[in-house]
Every structure is written in structure tokens, then in C-alpha cells.
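Please read the structure below before turning to the comments.
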Amino acid sequence: MRSFSRKLVTLCLVFSVQGVAAVQAATEPPTSEASTPQRISVLAGKLSYTLPQGYVQRELPELDAEARARGMTGTMYVNAAQKRMVVVTETPVPEGSIEGDNDEEFLLGLANGTISRHESGYKDFRILRDKEVVKKNGLGMLEIDAYGTLGNDQLLNTTLLAASGTTAAYIHLISPRDTRKTHIALIKAIIGE
């Protein structure tokens, strides 16, 4: 299971780091692309939320045909005006790897791998807090809030991890460090607080 967790975290970190380029490119004037509220649902609907207007859906070019053939899915949502990005990925896990909808051991394994990868990917990476959340429907989530620098950009970085059945979900929210209030508001909307 550890090997699988490392592979998932590596892939998700690649998505998020590569996606930062999209956020950096988002500093260019907005296009006329339509951006209506985006309804997102992962883990067979156990975690659903709506991204507000302003987010434009993008494919993850890093998610190649081989990854898709293994059942991995992923989408990036970019808000150019806010220079904010949300990366959502789901990946199948071997049968029996996850016990129920709140498998703390599995989520901690994902979290440890995520933290390790972020420490090597960001300059001055620092965890601000981590917490466990159990939604009313029993779905357990781990939230890791941190900040770090990529290139010259100081970023807030929140990772939400959840798993159910034979699927693990990874939601990565990246915002400019000076937008803490709206960053936190979006986290709360995703979690359902």
C-alpha cells in the first residue's frame, strides 16, 4: 500500500506543480471563455461541492493515456482573476486497501507522502495546520494547510484527502499567499462547513 500511496502522491504533486504554471499564466488578461459555477463530485457523490463562477475547467495534460487506462481521472479548475487553482484527482486503489469511509491509516499514509513531496517541491514549505474532518455522511477527510514558494510566487497550499471503497480522492487548492480569507472560504465550501 505504501508504494501505491507514493505513486498517487507523486502524480498529484506533478499535477499541482505543473498546474501552478497555469495559475501563473492566468495573470494574463482573462479570455472571453465562459465560466459558470462548476459542480464537482468525487467518491461516487460522497463529496460534492460547487466552485463559484470564475473557474474555468482545464484538462490535466500530465494525466496521460496510460494513467487514464488505469482508471485515474483528474481536472484542473483555474480562476484567472483570483490567480487560484483547484486540482481534483481520483484514482482506483486495490480492493481491500481502504477500510470504510474513514480509514485514518490510509489517509495518513497519503498525507505523509504528500507532505514529503511538497517539502521537496516548494521552497520554504511550512505546514500551518492539519486536521481531520468527518462529514455528516461519515466520509473522513484529512486537510493539510501549508505555504511555500514556487519560483517567485508565495502560495497557500491546501490538500484535502479522502478515500472510499476502491477510490482515493485528492483535492489540491493553490492560491496567492495574500488571499488567505478567500482561500479559507473556498476550503470550507468544499468540505461543507
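The values are calculated or read from the model by the stated rules, or taken from the named source; none is laboratory data. Computed from a prediction, not measured in an experiment: that's the story for all the values here. Every residue, glycine as well, gets a Cβ built from its backbone with ideal geometry; the counts of neighbours run over all protein chains shown. Areas reflect the complete protein model, heavy atoms only, side chains present, ligands, DNA and RNA absent. Shrake-Rupley method; radii C 1.70, N 1.55, O 1.52, S 1.80 Å.
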Give a residue-ordered list of calculated ³J(HN,Hα) values for region 64-69 (Karplus: 6.51 cos²θ - 1.76 cosθ + 1.60, θ = phi - 60°; whole Hz; x for Gly, Pro). 7, 4, 5, 5, 5, 5
Could I have the simple spin-label model distance between N152 and Q57, label points 7 Å from Cα toward Cβ, reported in nm to one decimal? 3.5
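At a 10 angstrom cut-off on C-beta neighbours, averaged per residue, how do the peptides 73-81, 118-126 rank from highest to lowest? Spell out each step's value before the answer.
Numbers: 73-81: 19.4, 118-126: 14.1.
So the peptides 73-81, 118-126, ranked by packing, come out 73-81, 118-126.
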Reported to the nearest 10 Å², D130 has, with a 1.4 Å probe, an accessible area equal to 100
Residue-ordered couplings for region 87-97, obtained by feeding phi - 60° into the Karplus form 6.51 cos²θ - 1.76 cosθ + 1.60 and rounding to whole Hz (Gly and Pro as x), are 10, 10, 10, 10, 9, x, 10, x, 3, x, 6
Setting aside same-chain residues fewer than 8 positions from K123, which lysines have a Cα under 20 Å from its Cα? K83
Taking the Cα centre of region 61-157 as the origin and placing charges on Cβ (Lys, Arg +1; Asp, Glu -1), which of T149, N112, L128 is farthest toward the positive end of the dipole? T149
Any chance you could run the full-extension gain for R68 through A81? It's 0.36 nm times the residue separation minus the Cα-Cα distance, nm to one decimal. 1.6 nm
Mind putting a number on the dipole of region 114-189 about its Cα centre? Charges go on the C-beta only, +1 for Lys and Arg and -1 for Asp and Glu, and I need it in Debye to the nearest 20. 240
